[in-house]
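A short worksheet on the structure shown next.
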Amino acid sequence: MNNYIPNEVKDLTASKQRVMQNVVNELENTSRTSKHKWRYVVITTILTISAILFVFNEIFLENEQQTATEVQLDFTKPTFSEEQGLLYLHGVTLGDSQSKVIEHLGENYTIGDYEDGSDADFILDYDGIARFYFYQEKLDSIIFMNVDENFFNKLFNDYNGFKFLTPTSGNDRYFYSKDTGQLLKATIVPGGNLYLYLMAGGNDLLENPDFPKIEPILD
């Protein structure tokens, strides 16, 4: 007879519980990782869409502003203002840079020719009726070649600054800044168009014997 008595069988319950707990923990970790990945994907998508919308909005606003500027400008009725002795037409004045002029007037221009004998380095031509002459990269003079006469008549009458006529030279009309020497001249050219010039007249213009005799207009 075999007298072998087997060892006591180990209780595997605790081991099975540990294995099951490990499986459960792994599943929970995987679930949490998946949730974190999903949140990351959602956040990344939202940020990307927001960035794209922001860029499109900026482009739209820029185009809208440029279109509005070009639509509002009327070179037959140039807006006029005076600040600290500087005379402005459509928001630009002598001494401004090319970039500032283009910013105010838009990019619908051509490069002007030099058939008029100008000494300018560069000419911006808008619609063939407004020219901006640059010398050494600064705005040197402006010509509007088809100004509405009724519009200018009202502008001239309403202006409270120093203004005058030159009866000996066809009753040309002028605005003059004694502070800066800037001169705005309105004259009727052959053919009937009213030309408006903004130029540097000089601080001693009125004492210049070669300048036509003036007739100041008093309000």
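Legend: distances between Cα atoms for 100/213; 138/213; 100/163; 77/185; 77/213; pairs beyond 25 Å are 100/213; 138/213; 100/163; 77/213.
Between residue 203 and residue 81, the contour length at 0.36 nm per residue exceeds the alpha carbon distance by 42.0 nm. Note on residue 213 and residue 178: their simple-model spin labels are 2.2 nm apart, each label 7 Å out from Cα toward Cβ.
One chain, two ends: residue 111 and residue 157. Fully extended at 0.36 nm per residue, the span grows by 13.1 nm beyond their Cα-Cα distance.
Converting phi to 3J(HN,Hα) with the Karplus coefficients 6.51, -1.76 and 1.60 and the offset θ = phi - 60°, region 146-160 yields 8, 7, 4, 5, 5, 4, 5, 4, 5, 4, 5, 5, 7, 6, 9 Hz in sequence order, with x at every glycine or proline.
Any read-out appearing in this document is the output of simple, stated calculations on the displayed coordinates, not a laboratory observation. Computed from a prediction, not measured in an experiment: that's the story for all the values here. All Cβ positions, glycine included, derive from the backbone under ideal geometry; neighbour counts span all protein chains shown.
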